[in-house]
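Visitor: Take a look at this one; I'll ask things after.
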Amino acid sequence: MAAVPLAPPARVLAVTALLFAVHLAEITLYATAYALAEHGFLIGSFVGEPIMAPLDYFYFSATTYTSLGVGDIFPTRHMRFLTGVEALNGLLLIAWSASFLFGLMNRVWEWQPCVRPGR
C-alpha cells in the first residue's frame, strides 16, 4: 500500500474498508463453520430463536465475533467451544485492527498542535 499514491485521508479510508471486508469475511467463515457443524458434523445445534436461513448463521456469527452476544440464539454441546474461539478471535482481531489504524494514522498524518508554544 506504500507504493499507491493516495492522500493520507484516502489511504486511511482504504485501509479501513479493507479491514472491514476482512472482518466480514471472517464472520462469514465462522457462519459457514456453524452451518457445517450443525448439519454436516452434527456436533451441536442452536436453541432459542429458530435458525431459518443462512443469514441467521451470519447474524449469530456477527454477534459472537463482536462479543455483543445478544442471547436470542445460543449453541449447545460442542459448538459452544467454537463460539468461544470466535469471540476470542474477534476480540483480538478487532483490537489489532484498531491499533493498526492508529499506527497508520500516526505515520501518514501530520498532527498539528492544539496550542502554539509561547502563546
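Visitor: Can you tell me which condition H39 does not meet? The list is (1) surrounded by 12 or more Cβ atoms within 10 Å (Cβ to Cβ); (2) assigned to a helix (DSSP H, G or I), and all the others hold.
Guide: Single failed check for H39: (1).
Visitor: Exactly one condition in (1) farther than 17 Å from T28 by Cα; (2) touching a helix residue (DSSP H, G or I) at 6+ places or on another chain (Cβ under 8 Å) is not met by E86; state its number.
Guide: Only one criterion in (1) farther than 17 Å from T28 by Cα; (2) touching a helix residue (DSSP H, G or I) at 6+ places or on another chain (Cβ under 8 Å) is unmet by E86, namely (1).
Visitor: Something else about it: Go through the stretch 42-56 and give me each residue that's hydrophobic (A, V, I, L, M, F, W, C) and either exposed (fewer than 13 other Cβ atoms within 10 Å of the Cβ) or closer than 11 Å to F74 by Cα (or both).
Guide: Selection gives L42, F46, V47, I51, M52, A53, L55.
Visitor: Looking only at residues that are of a type outside the set (D, E, K, R) and surrounded by 14 or more Cβ atoms within 10 Å (Cβ to Cβ) in the stretch 17-31, which one is nearest to W109 (Cα to Cα)? Before the answer, list the steps.
Guide: Taking the stretch 17-31 first, the residues of a type outside the set (D, E, K, R) are 17-25, 27-31.
Pick out the ones that are also surrounded by 14 or more Cβ atoms within 10 Å (Cβ to Cβ) and you get 19, 23, 27-28, 30-31.
Numbers: L19: 19, H23: 25, I27: 31, T28: 33, Y30: 35, A31: 37 Å.
So the residue we want is L19.
Visitor: Go through (1) over 23 Å from L18 (Cα atoms); (2) modelled with pLDDT of 95 or more and name the single condition L29 misses.
Guide: Going through (1) over 23 Å from L18 (Cα atoms); (2) modelled with pLDDT of 95 or more one by one, L29 breaks only (1).
The values are calculated or read from the model by the stated rules, or taken from the named source; none is laboratory data. This is a predicted model, so every value here is computed, not measured. FYI the Cβ positions are ideal-geometry reconstructions off the backbone, even for glycines, and counts take in every protein chain you see.
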